[in-house]
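A quick write-up on the structure given underneath.
The values are calculated or read from the model by the stated rules, or taken from the named source; none is laboratory data. It should be emphasised that the depicted structure is a prediction, and the values quoted were computed from it without experimental measurement. Here the Cβ positions follow ideal geometry from the backbone for every residue, glycine too, while neighbour counts run over all protein chains shown. In case anyone asks, the SASA skips ligands and DNA or RNA and just uses the protein heavy atoms, side chains included. Shrake-Rupley method; radii C 1.70, N 1.55, O 1.52, S 1.80 Å.
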Amino acid sequence: HMPQVAVIIGFQSVDELWSIREKLLSDKELSKAVEEWESGSEQPYEHVSVSLLEATGYCPELTNDREPRKTSRIFELRTYHSPTWRQLRALHERFAGPEIKIFHRVGVHPILYTSTMIGQNMPNLTYVTPFEDLAAREKAWNAFGADPEWQKVRKESIDRHGQISSVIQISLYRSTAYSPIR
């Protein structure tokens, strides 16, 4: 329950990622600011984790062409760890098929679906869902869990592939005032 910061940055290629990384590492002002930040009496963070994620084929296009929101939403980041790559493929099939339709019907509208290419706890499926507030989140997930079609889809999936996610990690975030997606 430590405070967390999640930064999600889109890149068109790994080459673009490395070129931006090199620019950041060579920025003397940034290096000096980080050094000052880290030299205080208390450590400013516990650890840094970096993952390279790849958008799934069924991920919606991320756009920021709307009018800026006045209020920030709650963003839920969920990571489902699968025991094997075969089971991760089955999880993606379930999401790309009936699960997204059920999500949308009950008020769960993820804006990003990914799998980790480089990072911890592979194989996995990670997705981000905005909610207006915690009450809306609770209402949507309760409706999803109680949905008869979801219960049927889940049972069929387990009967066919076994338990396809072994660990689920859930984190909640509120966007910053300068975030392009609020």
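Distance between the pseudo-spin-label points of residue 117 and residue 7 (7 Å out from Cα toward the beta carbon): 1.9 nm. Surface composition of the range 56-126: carbon plus sulfur atoms contribute 55% of the solvent-accessible area (1.4 Å probe, protein chains only, all chains present). The label-point distance for residue 38 and residue 163, in a model that sets each label 7 Å from Cα toward Cβ, rounds to 3.9 nm.
Distant-in-sequence amide contacts of residue 182, defined by a placed amide H-H separation under 5 Å and a gap of 5 or more residues or a different chain, comprise 69. Here the relative contact order of the chain, from alpha carbon pairs under 8 Å that lie six or more residues apart, stands at 31 percent.
Roughly how tilted is helix 28-38, in degrees to the nearest 10 and between 0 and 90, from the longest Cα axis of the chain? The angle comes out at about 70 degrees. The count of lysine pairs in the range 31-182 with alpha-carbon distances below 24 Å, taking only pairs 8 or more places apart or on different chains, stands at 6.
For residue 105, the accessible area of its heavy atoms, probed at 1.4 Å with every protein chain present, is near 130 square angstrom. Summed over the residues of the range 62-182 and divided among them, the accessible surface reaches 58 Å² per residue at a probe radius of 1.4 Å. Name the residues of the range 150-164 whose amide N is less than 15 Å from a point 7 angstrom out from the Cα of residue 78 along the C-beta direction? Inside the label zone: 150-155, 164.
Only the Cβ atoms of Lys and Arg (+1) and of Asp and Glu (-1) were treated as charged; on that basis the dipole of the range 45-182 about its Cα centre amounts to roughly 160 debye.
Taking the charge dipole of the range 37-182 about its Cα centre, with +1 at Lys and Arg Cβ atoms and -1 at Asp and Glu Cβ atoms, the residue from 180, 168, 50 reaching farthest to the positive side is 168.
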